[in-house]
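The values are calculated or read from the model by the stated rules, or taken from the named source; none is laboratory data. Remember, it's a predicted structure, so these values are computed and weren't measured experimentally. Neighbour counts run over all protein chains shown; Cβ positions are idealised from the backbone, glycine included. The protein model used for the area step is the full one, side chains on, heavy atoms only, and it has no ligands, DNA or RNA in it. Shrake-Rupley method; radii C 1.70, N 1.55, O 1.52, S 1.80 Å.
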Amino acid sequence: MNALDQICEHYMKNQDDKSTEDRVFLETNIIGKSSEEIADFLACTAPDETGGLTAITGFYYQFLVAIEYIIGMLEGHWDYVFIEHHDDVVVGKDNTIRFIQVKTSEKVKVDVTASPASGLYTRSKKNVQGISMRRNNSWIDKMITKAELLKKVDGYITQFQLYSSYHFIKTANFNFDLYTGNKLYDLDIPSTDHLLVKFNESVCDKEGNPYDYEAKCGEKPKELLGRFYLHTGPSLNELEAFKNHLCMRLNKWLFQDIGNNISIVTEDIHAIIGHLCTKCTHQNNPERLLVTKEKMENILSDIRERSLSAVNVVAERHGSLSVATRVIDSLVSELENNAHSGLLKDKLYTYREYFKNWLSCGGDIRSLFERYAEGTIKTSVYTRINETNREQRLQDFFCIVLILIMIRDSSLEFTDTKGLLTKECRASNLLFSFLSLETRNNFASGVQKLETIIQQSDISDHLFMVSNELRIVFQNYSDRKFTTTIRQKLRNKPEIPLEGFEDEQLLNKVTLVADIIPGKLLKEEFFECLNEETDFQQKMQEIWIRYQDGVE
């Protein structure tokens, strides 16, 4: 069982019941609602500067903290974010797991002896066989007992953070300032520390059994508290500034390919919370949310598309046209000064006019690139790759299209598929799909990526692939052995067993076969032929025939 499964199982078994107020709030406003309904609810009732310790305040603030960590996940600092309404946030990276409790108060500063600060260390009394004992149920107890699940001896590094909307002010008897600077989670706690003295006292668990931290967690309280960070976040009267800060960080990641001319707003933060509540449930429990980078990229793809659609459509199309024109013109320059440059220019400029028309009818460079690189538009690959690399890959795409136009002596036009980028040769009704790999990929890893795309395709694209011969051009790979077209059987979607038809051929169990074409090698042979004084199209057709020889 991995770390995340252990955490989830622990919550399912041991989480205390929520307060009546929290439970009613969730059932009324969150559970079973659509993302749009949740976003509308937050937009209408988001807590203002005087908001107190209400269900909406706790819910709202916790999600803002979770989004802060989610942005860190998008930036590569974490692998996942786990959210439980009104209680914990858990994040993980490799063998490091951080447990975060989020606390809010209408106050900006609280003495550590006062409520709610006393919850940090105060343990309730429990009568055990006539003896009054203290339970290990303070805020910090609840956090550091999670070390039971993921012990240091097993290779895990646990960290504990209390993220509060208010400052803890030291008093004569309690001084927690030491923990407010523990950003590296590596304090050496002195034996006289107020919190350590408190945690060395005898306690029992909720059943009344003696609880020993060293026996249960494998570490003494001194070691566990050394990884505790008392973090003060924005106060409740700074919520607008907090949300603006989150918007700025999301903008930097989400629109890095566009610049500062477009940004998300507070309403988009509400939309993200709504999407999280409806799309990231764990084990069918809507009160526990598991967020991975892949899930978040899909959610933000929706946010991004809505933001982009709000921008002037004409400007966006001109943006795509500008990129396409620049890339095609760059390819024309590369094909100058050879024996067949006039013919190649004519074909390229003809194709450019077709491409302009495709853009004017709703096409765009970003979706083309995403389908070319990942076989889906639900990806952030367009923003992850820098402009130079992106335009080089687009030039490779236009170049291979030109080569196939020359070989088939016919135009290639986009099909209506939504996933894998596919073009149809109108003269012969042949279909060609294109997939750009990473330079570290070989043929085997390219096939694996292709199978993943096919398995995740929607039903219309899947039927399209089943009913047509697949010719797929691989590009941007490294594999010296991949020198000719290879006919490859591709793994289909998982089988769906149908009751009563166990002995019959399953409807979705159709073998997909594709001819995988080495586009990189085809491009190299294309450039080698440029200065030969021969019929260029005939020469390319001869090369194509050679690529097809031996394909079974």
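Among the residues of segment 161-173, count how many are crowded, with 20+ Cβ neighbours inside 10 Å and within 18 Å of residue 197 (Cβ to Cβ).
Step one: of segment 161-173, the residues crowded, with 20+ Cβ neighbours inside 10 Å are 161-165, 168.
Imposing the further condition that a residue be within 18 Å of residue 197 (Cβ to Cβ) reduces the set to 168.
Here the count works out to 1.
Looking at segment 380-397, which of its residues are in a helix (DSSP H, G or I) and open to solvent by 50 Å² or more (accessible area, probe 1.4 Å)? Break it down into steps so the answer makes sense when it comes.
Residues of segment 380-397 in a helix (DSSP H, G or I): 381-384, 387-397.
Within segment 380-397, 384, 387, 388, 389, 392 qualify.
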Restricting segment 97-110 to residues that are open to solvent by less than 30 Å² (accessible area, probe 1.4 Å) and out of contact with any Pro (no Cβ under 9 Å at 6 or more places or on another chain), the residue that is nearest to residue 146 (Cα to Cα): 99
Quick one: which residue in 345, 423 is modelled with pLDDT of 90 or more and either surrounded by fewer than 16 Cβ atoms within 10 Å (Cβ to Cβ) or in a loop (DSSP other than H, G, I, E, B) (or both)? 345
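If you take just the strands (runs of 3 or more DSSP E) that sit entirely in segment 103-170, which of them hold at least 2 residues that are in contact with a His (Cβ under 9 Å, 6 or more places away or on another chain)? Outline the logic, then answer.
Working: elements: 109-111, 125-128, 131-134, 157-164, 167-169.
Where strands (runs of 3 or more DSSP E) fall fully within segment 103-170 and carry at least 2 residues being in contact with a His (Cβ under 9 Å, 6 or more places away or on another chain), they are 109-111, 157-164.
For the subset of segment 249-284 comprising residues that are among the charged types (D, E, K, R) and at pLDDT below 85, which member is least open to solvent (accessible area, probe 1.4 Å)?
Just the residues of segment 249-284 that are among the charged types (D, E, K, R), to begin with: 249, 252, 257, 267-268, 279.
If we keep only those that are at pLDDT below 85 as well, we get 257, 279.
Details: 257: 41, 279: 104 Å².
Restricting to residues being among the charged types (D, E, K, R) and at pLDDT below 85, the top hit is 257.
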Strands (runs of 3 or more DSSP E) wholly in segment 442-552 with at least 3 residues that are at pLDDT 85 or above and farther than 24 Å from residue 331 by Cα - which ones? 486-490, 512-518
Being at negative phi and without any contact (Cβ under 8 Å) to a residue 12 or more places away in the chain narrows 478, 467 down to just 467
For segment 426-437, which positions are open to solvent by 20 Å² or more (accessible area, probe 1.4 Å) and not hydrophobic (A, V, I, L, M, F, W, C)? 426, 428, 429
Show the residue pairs that are 6+ apart or on different chains and have beta-carbon atoms under 7 Å apart, the first residue being within segment 128-157 and farther than 17 Å from residue 206 by Cβ and among the basic types (Lys, Arg), the second being in a loop (DSSP other than H, G, I, E, B) and open to solvent by 20 Å² or more (accessible area, probe 1.4 Å). 151/218; 152/218
Kindly indicate which of 138, 124, 115 is more than 27 Å from residue 294 (Cβ to Cβ), surrounded by 21 or more Cβ atoms within 10 Å (Cβ to Cβ) and of a type in the set (Gly, Ala, Ser). 138
Could you tell me which of the residues 147, 117 is touching a helix residue (DSSP H, G or I) at 6+ places or on another chain (Cβ under 8 Å) and of a type in the set (Gly, Ala, Ser)? 147
Step by step: first the residues of segment 67-96, then only those that are open to solvent by 10 Å² or more (accessible area, probe 1.4 Å) and part of a strand (DSSP E or B), then the one that is farthest from residue 158 (Cα to Cα). Which residue is that? 80
For segment 185-234, give me each residue that is among the acidic types (Asp, Glu) and open to solvent by 50 Å² or more (accessible area, probe 1.4 Å). 186, 188, 201, 207, 212, 214, 223
With the checklist (1) open to solvent by less than 50 Å² (accessible area, probe 1.4 Å); (2) under 26 Å from the mean Cα position of the chain (by Cα) in hand, flag the one item residue 440 doesn't pass. (1)
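Listed residues 400, 377, 407, 365; which is buried (at least 16 other Cβ atoms within 10 Å of the Cβ), more than 28 Å from residue 256 (Cβ to Cβ) and aliphatic (A, V, I, L, M)?
Numbers: 400 fails: more than 28 Å from residue 256 (Cβ to Cβ); 377 fails: more than 28 Å from residue 256 (Cβ to Cβ); 365 fails: more than 28 Å from residue 256 (Cβ to Cβ).
From the options 400, 377, 407, 365, the qualifying one is 407.
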Is there a residue being farther than 30 Å from residue 181 by Cα, open to solvent by 40 Å² or more (accessible area, probe 1.4 Å) and either in contact (Cβ under 8 Å) with a residue 24 or more places away in the chain or not aromatic (Phe, Trp, Tyr) (or both) anywhere in segment 236-245? no
